[in-house]
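Heads up, the thing below is written out as structure tokens.
The values are calculated or read from the model by the stated rules, or taken from the named source; none is laboratory data. Remember, predicted model here, so these are calculated numbers, not experimental data. Here Cβ is always computed from backbone atoms with ideal geometry, including for glycine, and neighbour counts include all displayed protein chains. For the accessible areas, the whole protein counts, side chains as well, though only heavy atoms, and no ligand, DNA or RNA atoms are used. Shrake-Rupley method; radii C 1.70, N 1.55, O 1.52, S 1.80 Å.
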Amino acid sequence: MKAIIMAGGEGTRLRPLTCDRPKPMVPIMNLPIMEHIVNLLNKHQLKDIGATLQYLPEAIQAYFEDGSRWGARMHYFIEEVPLGTAGSVKNAEKFLDGTFLVISGDALTDIDLRSAIEFHKKRQAIATLVLTPVETPLEYGVVITDTDGRITQFLEKPSWGEVFSDRVNTGIYILEPEVLGYFKPGQNFDFSKDLFPLLLKARKPLYGYVASGYWCDVGNLNQYRQAHYDALEGRVSLQLPGRSVGDSIWIGSGTEVHPEARLQGPLLIGDHCQIGPGAEIEGLSVIGNHSLIDTQASIKRSISWDRCRVGKKAELRGVVLARRVQVQDNSSAFEGAVIGDDSVIGKRCCIKPGTKIWPNKRVEDGSMLSTSLIWGNCGQRSLFGNRGISGLANIDLTPDLVSRIGGAFGNWLGSGSVAVGGDGLPVSQALKVGVTAGLLAAGIDVVDLGTQISPVFRHTVRSLGMAGGIHIRLSEPDPGKVALILLNSKGSELSRGDERKIESLLAREDIRYAEVDRVGSVSAGEPVVPGYLEGLWSSIDCSQIRRRRFKLVLSLPTAYLSSLVVPLLAETGCSLSTLDYEPDQSELRSGAKYQQKLLSYLSQMVVAQKGDLGILLDPQAERLTLIDDRGGVVDQENLTVLEAMLVLSTHERGAVAVPVSAPRVIEDIAQRFRGRVIRTKTSHTAILEKLQSDEVLQHQGTINQFRLYSDGIATLVFLLGYLAEHGTSLSRLLSEVPAFYTSQRLIDCPWGAKGRVIRSIIEEQGEQPLELLEGVKVTHPDGWALVLPDSEEPVCRIYSEGFSQEIAESLTDWYSERVKEIGALYSGQPTQPES
């Protein structure tokens, strides 16, 4: 006996889940609904199966192929135009050479089909409808039968006044081939509305079989969720993937559950998932294959499909996530929310109950979404952030995307050669292959510099006359991400205007690829470190450093950095000790706490060994942290002041560029050296752009501020040269800096409130002096405060400086409270006191 699965449904009431797939391919318990139907047919020895297809038929054909994986033989019949339920089956008429069964491909059931077939044969029926009782029959065809099961009356989708039975048509039929002779091929004809009334009127043997067992028409999103809950609670008999580990918990192969994670059944976790420490997954939840549930995430009564990522401390309550959805750290989504394929919910977002998000949407950090997102994005940011393009590898930054980024960069350049390199980690290497492919396809030659730290890479781009460079490495300050740093011919990050041009090329998909004979070529770069070191030595007097014989204590995070820095400093006659502190994994995960502990240990070693300096470099040698000879940690603000002193001391009437947030003591130092200070915006790109402008470069001496800002090794060497030349120590040099007192704070602020915050603060100041270079900087008689909306996160940054620490902190307190109050007016929420 043959079976027909009606699988042409579009599933409009299940959107956004069905935007890119036919309804029968929507998963229930990590398997397509139609696969459960194929398993049911196979269980009842119905192995010759036809499927009628209409909407996105290729998806079903590609998944089931010839059916051999299920021990079945699949045949496909595609409607070019909708033919109705009966019309679609007539399209397969040549396939049907005897009694056959018809079943919907988008319902979930475990009904005993063999009993229904035996009933049909016993009654010698021309058509048997499988019936089931339901509580609310308004959305179904209601059927009434006599005591023998013969149908006497039915009505399709009645009102309550027309309901005369609770038995409804399940869409499962056993039919004789002759029923297909009652209408013509190509005619739009429906079983319930057209064929069965016709057979009833002709007094043909039309029967209804009342089935026991489970049946659910997965017609809307509520029914979709309920079908999962019923399956998890055992109300329907299904072949579930994975193995039972007790307590109504099923876990797939290759899945890793951290010992500190908490699971409470009933729930299903798919294959090759990772459940992080402290994560909680509670009853009536399903996790799709290849998913990541991160540290302390909490999931209840929610369904996530394959390859989803739920970030740290994120919360899901009664939510459905389609394929490859990301819910990033500290975000939450609530009852009835449905999020479509490939959408990203940024950090600290709130998705309100019942909200639907269509596929490929982005909800930016800090957004609160209470209406469905169908068109566009919510608070869409640019592709470039403060430091290049960053994101999670193979999630945010896929090989396809980085290849297109390479192509767009190549189009923007137009010609020339581009250097590529990075930190050498496997994930960076994989992305380097993708970006190289895009550059080559755009007709750009590529010079592969291999593993290089950022300062060496920047120097090489400049010295070899490259048109640009792309450096790929773990992102700072978030090592969970990867960053692509795009450089211009000067070895500096692109200007914001140039970044927008590349974003525009990507957004318009206007990337032009070269003809076959104009595709670029790859070459391996020559050794570049010697050239970098030569440029460094040529700018200082090494003999003075050798005579001073500094005693240095080093903390270098990578073997590559050690292989570069240790010989370099040994060449200067410095006595070197390296930190032998080995952190455990928990310390590495703690980030700032580990950094604090490391600095404390480094400080103790400097004092114990009577060292001149303690030195901590970041993995890319861009950022330098110093410990002075008394064990004092030089913070970032003091380092900025120190760098300004170094630059100004080497050039009479020199100039330095510092961000608008830097302390005003730098102006005092500039006055001492008869120099001047140029204030810039605070972003990394804006500072580098200003540092390479003629306004700055033409007023600097042997110590170049661009190198100090982007090269921790150069900063160290220049500092050693200065200390040797002036016969001083770092602690004495710092004591020459006038005392200054600063305070900083980060305050949550919704994206939509940022403009109102700045406008309100400006309006409130009256005659108070203001600077509007970036954000709003208010000058007070005893200090200043800067309120700066962050470009990447839903926060405002408050910077203050005062004549005393107490004044600086009081200014920060006051402006922090104003940002909270104005932000609360925007969101309609009362302000909360700080704990």
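I need the helices (runs of 4 or more DSSP H) fully contained in the range 478-581, keeping only those with at least 1 residues that are under 39 Å from the mean Cα position of the chain (by Cα).
Answer list for the range 478-581: 496-508, 529-537, 559-571.
Please work out which one of (1) touching a Leu at 6+ places or on another chain (Cβ under 6 Å); (2) under 20 Å from residue 526 (Cα atoms) is the condition residue 410 fails and give its number.
(2)
Could you list, in sequence order, the residues of the range 743-755 that are open to solvent by 30 Å² or more (accessible area, probe 1.4 Å) and farther than 21 Å from residue 363 by Cα?
Matches in the range 743-755: 744, 745, 746.
Scanning the range 302-319 for residues that are in contact (Cβ under 8 Å) with a residue 24 or more places away in the chain and in contact with a His (Cβ under 9 Å, 6 or more places away or on another chain), which turns out surrounded by the most Cβ atoms within 10 Å (Cβ to Cβ)?
303
Which residue out of 225, 235 is touching a residue at least 12 places away in the same chain (Cβ under 8 Å), closer than 30 Å to residue 335 by Cβ and part of a loop (DSSP other than H, G, I, E, B)?
235
Somewhere in the range 116-126, is a residue modelled with pLDDT under 90 and surrounded by fewer than 18 Cβ atoms within 10 Å (Cβ to Cβ)?
No, because not a single residue in the range 116-126 is modelled with pLDDT under 90 and surrounded by fewer than 18 Cβ atoms within 10 Å (Cβ to Cβ).
Can you pull out every residue in the range 761-786 that is among the acidic types (Asp, Glu) and open to solvent by less than 60 Å² (accessible area, probe 1.4 Å)?
774, 782
Among (1) open to solvent by less than 40 Å² (accessible area, probe 1.4 Å); (2) modelled with pLDDT under 95; (3) not in a loop (DSSP other than H, G, I, E, B), there is one condition residue 808 misses while meeting the rest; what is its number?
Status for residue 808: all satisfied but (2).
Please state which of the following conditions residue 386 fails to meet, knowing it meets all the rest: (1) open to solvent by 20 Å² or more (accessible area, probe 1.4 Å); (2) at pLDDT 80 or above.
For residue 386, the failing item is (2).
How do the pairs read when you match residues in the range 187-204 that are on the phi < 0 side of the Ramachandran plot and assigned to a loop (DSSP other than H, G, I, E, B) with residues anywhere that are surrounded by 17 or more Cβ atoms within 10 Å (Cβ to Cβ) and of a type outside the set (A, V, I, L, M), using Cβ under 6 Å and keeping only pairs 6 or more apart or on different chains?
Partner pairs satisfying both residue conditions: 187/87; 188/84; 188/87; 189/84; 189/87; 189/183; 190/84; 190/85.
Return the pairs, sorted by first residue and then second, in which the second residue is surrounded by fewer than 18 Cβ atoms within 10 Å (Cβ to Cβ), the first residue lies in the range 676-696 and is in a helix (DSSP H, G or I), the beta carbons are less than 7 Å apart, and the residues are 6+ apart or on different chains.
Matching pairs, first to second residue: 684/386; 685/495; 685/496; 689/495; 690/678; 695/678; 696/678.
Restrict the check to the range 658-667 and report whether at least one residue is within 20 Å of residue 784 (Cβ to Cβ), assigned to a helix (DSSP H, G or I), open to solvent by 10 Å² or more (accessible area, probe 1.4 Å) and acidic (Asp, Glu).
Taking every residue of the range 658-667 in turn, at least one turns out to be within 20 Å of residue 784 (Cβ to Cβ), assigned to a helix (DSSP H, G or I), open to solvent by 10 Å² or more (accessible area, probe 1.4 Å) and acidic (Asp, Glu).
Can you run down the residue pairs with Cβ atoms below 9 Å, 6 or more apart or on separate chains, where the first is in the range 526-541 and under 12 Å from residue 702 (Cβ atoms) and the partner is in a loop (DSSP other than H, G, I, E, B) and open to solvent by 30 Å² or more (accessible area, probe 1.4 Å)?
What qualifies is 539/702; 539/704; 540/702.
Tell me which of these residue 336 doesn't satisfy, since it passes every other one: (1) touching a Pro at 6+ places or on another chain (Cβ under 7 Å); (2) surrounded by 19 or more Cβ atoms within 10 Å (Cβ to Cβ); (3) at pLDDT 90 or above.
With (1) touching a Pro at 6+ places or on another chain (Cβ under 7 Å); (2) surrounded by 19 or more Cβ atoms within 10 Å (Cβ to Cβ); (3) at pLDDT 90 or above applied to residue 336, the lone miss is (2).
Of the residues that make up the range 762-771, is at least one under 25 Å from residue 684 (Cα atoms) and assigned to a helix (DSSP H, G or I)?
no
Please pick out the residue among 371, 295 that is in a loop (DSSP other than H, G, I, E, B), among the β-branched types (Val, Ile, Thr), under 16 Å from the mean Cα position of the chain (by Cα) and surrounded by fewer than 24 Cβ atoms within 10 Å (Cβ to Cβ).
295
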